[in-house]
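Take a look at the structure set out below.
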2 protein chains.
Amino acid sequence: MRDRSAALVVVGNEILSGKIRDSNAYFAACELRKSGVELKRISVIPDDLDAIAEEVSYCARRFDFVITSGGVGPTHDDLTMEGVARAFDRKLITHPELARLIREHMGDRANAAILKMAEVPEGSVLNQADDIRFPTVQIENVYVLPGIPQLFEAKLLGLESRFQADPYFMRTIYTNANESALAEHLNATLESYPRLLLGSYPRLGDSEYRVKLTLESKNQEYLEQAFKHLLDLLPKDTVVKIE
Amino acid sequence: MRDRSAALVVVGNEILSGKIRDSNAYFAACELRKSGVELKRISVIPDDLDAIAEEVSYCARRFDFVITSGGVGPTHDDLTMEGVARAFDRKLITHPELARLIREHMGDRANAAILKMAEVPEGSVLNQADDIRFPTVQIENVYVLPGIPQLFEAKLLGLESRFQADPYFMRTIYTNANESALAEHLNATLESYPRLLLGSYPRLGDSEYRVKLTLESKNQEYLEQAFKHLLDLLPKDTVVKIE
């Protein structure tokens, strides 16, 4: 069974100061899950070289893939490329192919500021996808994506074939019992099925159910057995819906 | 001038797997900014003891306050208290006052699972606010909050008087110029006003403006001077709106 782990590093003061509500983390979480990849960490850090270098270095050593979001524009606060270069102790160089693409696209408007966007860590790889204008820069296991949601989403989808692992299977039980009443049945199920991914999510103010239970595994048979085990333990009148 | 820094640690597999879209990070980012506190890090980590202990320990050493969100219910995957205890190398004990409150509130339903919610790291402090039912547990500079948004928000607001620093002042310029054309003016402004917090946020598909520039400082006079400096540099016909 092929497992893959990932981390997402969101770079941007605007998220930390509440000026902009990030949507890239949720999009990436959903897409990676669909691909069977286990997202194990999301971090939001400031536009600060040391912070970027430290976090990218930490994640690159621990996870199979690292995706960064933001900090790749032409202005003073766009420091992701330099931070990633520092994480891998590499120089920042102007990539001739990126410079060519920028000149081709921008024509006379290709000033020094915009050509900063052709600067990448030495040894970077360019990943081209059919439906995106600029290739995505990759350094080792780190993929550098822009923060603007439309671009982030298009680029992540363009890289999808890279981020593939065996899929998760999931079952869901909606119940009107309290979490405290469910706890013993959840524990008993985990004793019999220790590798089950079991989540218990209470919801306030929902008239339909009180707690949503999610059961997951990459082994479908194991999942179905665990699902049946838990369902048999739960008092029948507490189960509102199963999926 | 009194500065305060903070970190938010969101604990929960459900966020990382895309089952639930977190709203607590954005709420905390906005509220802390209003209080003048600089949120310097948001991390989302799994329901895993080692991950919680490591991240809480890292943040507690670096920032003035740490707020955690989630992982405090009665079930198997609620591990935040134990993780925080491990971060500070303390034992987990049953807090008599919390146990009393739970028994008072739950009556006969106060089983072993729910009484797990009275377990806190040794030496924890209880923070009571008028409008919340259960006090918020504090260990050193770490405040442990529940993940359910309604409860997280109420508890954070209840703690507001603790999280206070000198306020930020902000000015905003909306412009229809491209970021690359703005870069030189932003750099020139930062040369004259190096302590200015200057953000440049392009927006795709907005008919009103292309880039939103935010200028911030805790020193209002410094801010107004920098604002005037930048405004004088920008071509008049590119400024759509100021705030």
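Results for (1) over 30 Å from A:A53 (Cβ atoms); (2) assigned by TED's automatic domain parsing to the domain that holds A:A226; (3) in contact with a strand residue (DSSP E or B) (Cβ under 8 Å, 6 or more places away or on another chain), shown as yes or no for each residue.
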| residue | (1), (2), (3) |
| --- | --- |
| A:I114 | no, no, no |
| A:G123 | no, no, yes |
| A:A129 | no, no, yes |
| A:Q138 | no, no, yes |
| A:N141 | no, no, yes |
| A:F152 | no, no, yes |
| A:T189 | yes, yes, yes |
| A:L197 | yes, yes, yes |
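Only a single criterion out of (1) within 23 Å of A:I20 (Cβ to Cβ); (2) aliphatic (A, V, I, L, M); (3) more than 9 Å from chain A (Cβ to nearest Cβ) is not satisfied by B:L197, namely (3).
Tally time: how many residues in the stretch A:34-54 are assigned to a helix (DSSP H, G or I) and more than 9 Å from every other protein chain (Cβ to nearest Cβ)?
5
Considering the stretch A:10-34, and only residues there that are crowded, with 21+ Cβ neighbours inside 10 Å and among the polar types (S, T, N, Q), the residue that is nearest to A:D89 (Cα to Cα) turns out to be A:N13.
Criterion first (more than 30 Å from A:Y222 (Cβ to Cβ), part of a loop (DSSP other than H, G, I, E, B) and either of a type in the set (G, A, S) or outside the structural domain of A:P146 (by TED's automatic domain parsing) (or both)) does A:G18 satisfy it? Yes, satisfied. Filtered by the rule that a residue be over 16 Å from B:G147 (Cβ atoms), in contact with a Phe, Trp or Tyr (Cβ under 7 Å, 6 or more places away or on another chain), hydrophobic (A, V, I, L, M, F, W, C) and assigned to a strand (DSSP E or B), the stretch A:196-243 gives A:L215, A:V240. Of the residues making up the stretch A:78-86, none is hydrophobic (A, V, I, L, M, F, W, C), over 29 Å from B:L198 (Cα atoms) and more than 8 Å from chain B (Cβ to nearest Cβ). Here the stretch A:86-118 is the region considered, the condition is being of a type in the set (D, E) and at pLDDT below 95, and the residue that is nearest to A:V144 (Cα to Cα) is A:E97.
Scanning the stretch A:150-164 for residues that are modelled with pLDDT under 90 and within 14 Å of another protein chain (Cβ to nearest Cβ) gives a single hit, A:F163.
The values are calculated or read from the model by the stated rules, or taken from the named source; none is laboratory data. Predicted, not measured: the structure shown is a model, and the values here were computed from it. Quick reminder, even Gly has a Cβ in these numbers, built from the backbone with ideal geometry, and neighbours come from all protein chains shown.
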